[in-house]
1. Please identify, among Leu115, Leu98, Leu73, the residue showing maximal mean-square fluctuation in a Gaussian network model of the chain using a 10 angstrom Cα cutoff.
2. If the cut-off is a Cα-Cα distance under 13 Å, which aspartates and glutamates reach Lys22, setting aside same-chain residues fewer than 8 apart in sequence?
3. Compare Leu67, Leu40, Leu54 in a GNM of the chain, Cα atoms joined below 10 Å, and give the one with the largest fluctuation.
4. On a straight-distance basis, which lysines could pair with Lys129 in a cross-link, Cα separation under 25 angstrom, same-chain partners fewer than 8 positions away excluded?
5. Taking Rh as the Kirkwood radius, which is the inverse of the mean 1/r over Cα pairs, what is the Rg/Rh value for the chain?
6. Over segment 1-147, what is the relative contact order in percent, taking alpha-carbon pairs closer than 8 angstrom and at least six residues apart?
7. Using a Cα-Cα cut-off of under 18 Å, which lysines could be cross-linked to Lys25, ignoring same-chain neighbours fewer than 8 residues away?
8. Using only the alpha-carbon atoms, how far is helix 141-152 inclined from the longest principal axis of the chain? Give it as 0 to 90 degrees, nearest 10.
Amino acid sequence: MNTTMINSNRIKEDKSNCIFCKIIKGKSPVSIVYEDKKVLAFPPIQPVNQGHILVVPKKHAPYLDDLDEETTLHIMRIARKIAAAIRKSKYRCEGINLFVADGDAAGQEVFHFHLHVYPRFEGNGFGFKYDRSKHFLYLNRPQLDEIAKEINRYI
Ligand SMILES: [Zn+2]
C-alpha cells in the first residue's frame, strides 16, 4: 500500500445524514452553551464528564483540512472562552484537554469536524494510554530531521 492510499482513507458521509447538521438546523435537540454565525457549542449526548463541550462549525466539513482558516481560528477562539468558563463553573476541573479526532483511525465517530473541550482531574479515569516502552520511538537527529523535512514539504 502506498502513502497516497494510506492517506486517502476518508469516509465520505452524506451531510443529509449528519447528526451535527441536524442539530445546527434545529432538527435535533441540543443544549446550547454558545452560538454565533460560525459555530455552535454544546455538550455531547454522552459526555465523558460534566463540563465536556463540543465546538462545532456550522458549515459541514468532515475533516480539519476541510475547514477554512478563519473558521479554524474561530473554533480555537471559542474553545479558549469555553475552557475559561469551565474552570469558573461548579464542575470539577483541575486541567483542560482540547481534543480532535480527525479521521476514523484517530477515533472520529461523527464526520463533521468538532473540537472537544473537557475538564480533567485526578482520577477521572480516562485519557491517552501511552506505554513509553511500547509506543514511543527513539529516533536519532537525522531521523528527526527527515520527518521535519518530509512534513514541511506539504506546508
Ligand atoms: Zn454536518
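1. Comparing Leu115, Leu98, Leu73 in the GNM, the peak value goes to Leu73.
2. Asp14
3. Judging by the Gaussian network model, the answer is Leu67.
4. The reachable lysines, counting only those whose Cα sits under 25 Å from Lys129, number zero.
5. 1.01
6. Relative contact order here is 23 percent.
7. Lys15, Lys37, Lys38, Lys58, Lys59
8. Computed tilt is about 50 degrees.
Just so you know, all these numbers are worked out from the coordinates, no wet-lab data involved. Computed from a predicted model, the values in this text were never measured in an experiment. Positions of Cβ are generated from backbone atoms using ideal geometry, with glycine treated the same way; all protein chains shown enter the neighbour counts.
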